[in-house]
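**Q** Dropping the structure in here first, questions after.
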Amino acid sequence: MVKMYRFFLYFLFFIVMLLLFFPKENLFFALEKELQTQKVLIVNEKIDESLFGLSLKDARVMVEKMEVANIKEAKIDFFLLYNSLVLRDIELSSVVGNFFPTHIRFVKMHYTIFNPLVVSGNAEGDFGTAKIEFSMKTDKLLIHLKPSKKVLQEFKALLRMLKKDKNGEYSYEKTL
């Protein structure tokens with residue numbers, strides 16, 4: 001029985017050390033390289049590695065050489081059972097401003113091994129609040145939007161693209 005406890009203690013110690021000393025910056029660069037194949041670039045970011053995560057500051061996101069967003073802060077946490085991504089103070093380009101409010105206060109996404117085929121999260125901004133869910137099993141993106149007054153008054157074209165439910169909330173569903 002003591003050998004069993006010792007084995008689990010060593011295993012837990014190994015996992016914690018692996019998380020602490022894993023080259024998180026290299027993982028981010030691999031993600032950046034994968035995004036480049038989709039013509040998405042993240043430029044001018046300042047990277048700061050912490051014990052269990054990675055922080056980015058002042059990142060600009062470009063799609064096909066056109067700037068689409070500025071992200072003031074991004075924090076990625078890597079834990080064994082739970083991983084998260086938090087984006088704060090996102091300013092979308094003025095090109096998007098005709099269709100969607102340009103300021104997003106935060107986007108919080110998380111992934112857990114207890115539900116390994118689903119990435120979920122929430123967001124808040126000038127558009128209101130949103131709950132986001134992506135199923136890797138079906139490749140389906142589902143967004144539930146509780147729109148702000150600004151969206152209800154100024155962005156009627158956006159609302160026409162969404163399905164309204166009986167609670168006054170809107171939903172968007174797309175298979176990728």
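The values are calculated or read from the model by the stated rules, or taken from the named source; none is laboratory data. None of the values given here were measured: they were computed from a predicted structure. Glycine gets a Cβ as well: all are built from the backbone with ideal geometry, and neighbour counts include every protein chain shown.
**Q** Please go through the stretch 53-101 and pick out each residue that is surrounded by 14 or more Cβ atoms within 10 Å (Cβ to Cβ), over 17 Å from Val43 (Cβ atoms) and more than 17 Å from the chain's Cα centre (by Cα).
**A** Answer for the stretch 53-101, where residues must be surrounded by 14 or more Cβ atoms within 10 Å (Cβ to Cβ), over 17 Å from Val43 (Cβ atoms) and more than 17 Å from the chain's Cα centre (by Cα): Phe100, Pro101.
**Q** Could you grab the pairs with beta carbons closer than 6 Å, sequence gap of 6+ or different chains, first residue in the stretch 1-24 and at pLDDT 80 or above, second one not basic (Lys, Arg)?
**A** Final answer for the pair search is Ile15/Leu80; Lys24/Glu49; Lys24/Leu54.
**Q** Looking at the stretch 124-138, I want the residues that are assigned by TED's automatic domain parsing to the domain that holds Leu176 and have a partner that is of a type outside the set (S, T, N, Q) and assigned to a loop (DSSP other than H, G, I, E, B) with Cβ atoms under 7 Å, at least 6 apart or on another chain. Which pairs are those?
**A** Gly125/Pro101; Asp126/Pro101; Phe127/Phe100; Phe127/Pro101; Ser135/Leu117; Met136/Leu117; Lys137/Leu117
**Q** Let me ask another. Please go through the stretch 1-52 and give me each residue that is under 22 Å from Ala69 (Cβ atoms), out of contact with any Leu (no Cβ under 8 Å at 6 or more places or on another chain) and outside any helix (DSSP H, G or I), ordered by number.
**A** Thr37, Gln38, Lys39, Val40, Val43, Asn44
**Q** Only one of these conditions is not met by Thr129: (1) within 19 Å of Met161 (Cα to Cα); (2) under 13 Å from the mean Cα position of the chain (by Cα); (3) of a type in the set (Ser, Thr, Tyr). Which number is it?
**A** Thr129 satisfies all of (1) within 19 Å of Met161 (Cα to Cα); (2) under 13 Å from the mean Cα position of the chain (by Cα); (3) of a type in the set (Ser, Thr, Tyr) except (2).
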